[in-house]
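The values are calculated or read from the model by the stated rules, or taken from the named source; none is laboratory data. Source: prediction; values computed, not measured. Because the Cβ atoms are built from the backbone with ideal geometry, glycine has one as well, and the counts that use them run over all protein chains shown. SASA here: full protein model, heavy atoms, side chains in, ligands and nucleic acids out. Shrake-Rupley method; radii C 1.70, N 1.55, O 1.52, S 1.80 Å.
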Amino acid sequence: MIGGRRVLLAVTGGVAAFKVATLARMLIEHGAEVRTVMTASSLRFLGANTMAAITGRPVITDLFDSPDSVSPHTEAAEWADLVVVVPATAASLSRLAHGQASDPVSATVLAATCPIAVAPAMHTAMWEHPATRRNVTTLRSDGVAVLGPVSGRLAGGDTGAGRMVEPDQVFSMIQAMFEAPLRGVRVVVTAGGTREAIDPVRFLSNHSSGKMGHAVAAEAARRGAETTLVTCSRLESPPGVKRVDVVSAHDMAEAVGSIEADVAVMTAAVADFRPKTAQASKLARGDGLRMLELEATRDVLGEVLARERRPRVVVGFAAETGGVERAVRKAKSKGVDLMVANDVTIPGSGFESDNNQVALIRRGGETESWPLQPKVRVAERLWDEIALMLEEN
Ligand code: CTP
């Protein structure tokens, strides 16, 4: 699948730049077309002549002094099917996150409309610095795939997180991005438990961790879908996923309502009721016992199903506490295409756990029980099902 694809390797100035020569060779051996754009500091670690010789194409090292083009960055960005910033230093991540165009690599990335991946490489302290964490979060929410880094020996002799993934791993990740059977499919996933404010300190919520929803979004993105994750969870964003953080059912309904999607997977545990009035100041013990007056929240799933242009596949989740019968009835009454039911009382399954034991309920009411397995695996199997449904309708 990599044959004939155009990969633009964007090299920034870290020691790991020497690995780019190996990566370029692997891509070319598998039939990809490869071009290279390099920052001035990357040239201290890797020769432009080396890359020109391996790729058989001139290397862009300067925005203004290019013999081949008056606008090398926009021309290369337009040419590429994928841009991989490899290695991506802390400084380059910062430039990319801030939309700068001050060097050949950041200018090219800013001009690119194709998928972008970055393979960070830096010292652990720099990787863990809050500024870098912020930049990585920004890039992820812009839909950039972040490949690694891993833990291991670093350039200065230290060991820790920040080592660039090896060329063969970058190669497989590139391969996966191109295989992407769901390219062009727009997906929205909801995740986590909503919080409904009682006062500025307290809220009504539930035990949902968001793990299942994040796994569903990760798998969608891995298969190339244009994925938006609307989440109440604090879990990290999966690579290549656009993230929208929300708190309440109302926020979630607003966010989901603004997203056009071909597939909607509603994994979130949405509160059914919220306090009628969220108090402006903290309720005090001295105020005495109170009744909490509740009102219904917005039905996020219901609003998606009622749209004029309803997504082609809508998947609901139902957390139940005994048997799937209620979930089967719920699937029918709600009119979802698939319902994933889980009994949250089964030990080792459900909320907070990395595993889940679910039953799949199809449109006609046919039920298929899956064994207890990692949530990541449930997400894979669920996407196998959804992919089949997309083919059918
Ligand atoms: N859901 C939603 N908005 C709500 C409530 C639920 O989008 N306000 C979605 C959930 O994300 C899930 C599905 O609806 O995909 C089923 O959620 P559940 O809470 O089991 O449904 P309810 O209709 O609230 O059923 P119950 O009577 O069991 O509370």
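Some notes on this structure:
- Loop-located chymotrypsin sites (Phe, Trp or Tyr not before Pro) in the range 1-102 (DSSP state other than H, G, I, E, B) with a sparse environment of at most 12 neighbouring Cβ atoms within 10 Å: PHE64.
- Solvent exposure, largest accessible area first (probe 1.4 Å, DNA, RNA and ligands not counted), of ARG377, ARG186, ARG363: ARG363, ARG377, ARG186
- Stretched out straight at 0.36 nm per residue, the stretch from GLN373 to SER102 would grow longer than its current Cα-Cα span by 92.8 nm.
- In Hz, Karplus ³J(HN,Hα) per residue of the range 308-314 (6.51, -1.76, 1.60; θ = phi - 60°; x = Gly, Pro): 4, 10, 5, x, 5, 10, 10
- Whole-angstrom gap from the range 267-311 to the range 315-329, using each part's C-alpha centre: 21
- Degrees, to the nearest 10: 375-392 long Cα axis against longest axis of the chain: 90
- Annotation: average projected area of the range 211-318 is 8.5 square nanometres, based on the convex hull of Cα atoms across all directions.
- The chain: C-alpha pair distances exceeding 27 Å, %: 55
- Debye log10 I(q)/I(0) at q = 0.16, 0.31 Å⁻¹ for the range 54-93, Cα point scatterers: -0.51, -1.13
- Angle in degrees between helix 325-334 and the longest Cα principal axis of the chain, rounded to the nearest 10: 70
- ³J(HN,Hα) computed for each position of the range 47-59 - Karplus, 6.51 cos²θ - 1.76 cosθ + 1.60, integer Hz, glycine/proline x: x, 4, 5, 4, 5, 5, 5, 5, 8, x, 9, x, 9
- In the structure shown, the pairs LYS282/LYS334; LYS211/LYS334; LYS276/LYS375 are assessed against 29 Å; a Cα-Cα span above that value is assigned to LYS282/LYS334; LYS276/LYS375.
- Solvent accessible area, Å² - LEU372, 1.4 Å probe, full protein context: 90
- Extents of the range 264-362, largest first, come to 52, 41, 23 Å (Cα atoms, principal axes, whole angstrom).
- With Cα atoms as the point set, the range 237-299 shows a radius of gyration and Dmax of 16.3, 52 Å.
- Hydrodynamic radius by Kirkwood, which averages 1/r over all alpha carbon pairs of the range 1-55, in angstrom: 11.1
- Low-density loop cleavage sites - chymotrypsin sites (Phe, Trp or Tyr not before Pro) in the range 158-260, where at most 15 other Cβ are within 10 Å (DSSP): none
- Per residue, the accessible area of the chain comes to 47 Å² when a 1.4 Å probe rolls over the protein heavy atoms.
- Cα pair distances exceeding 19 angstrom across the range 312-393, given as percent: 33
- Average projected area [Cα convex hull, the range 149-299], square nanometres: 12.9
- Pairwise Cα distances in the range 1-99 exceed 22 Å for 23 percent of all pairs.
- Charge tally in the Cβ shell below 15 Å around ASN355, where Lys, Arg are +1 and Asp, Glu are -1, ASN355 excluded: 0
- Size of the range 46-201: Rg and Dmax of its alpha carbons, in Å, are 18.3, 65.
- A simple spin-label model places pseudo-atoms 7 Å from Cα toward Cβ; at GLU293 and SER41 they are separated by 6.0 nm.
- Convex hull (Cα only) mean projected area of the range 162-203, reported in nm² to one decimal: 6.4
- Residue-span extension gain [THR74 to GLU260] - 0.36 nm each, minus C-alpha spacing: 64.1 nm
- Surface share of carbon and sulfur [accessible, 1.4 angstrom probe, percent] for the chain: 51
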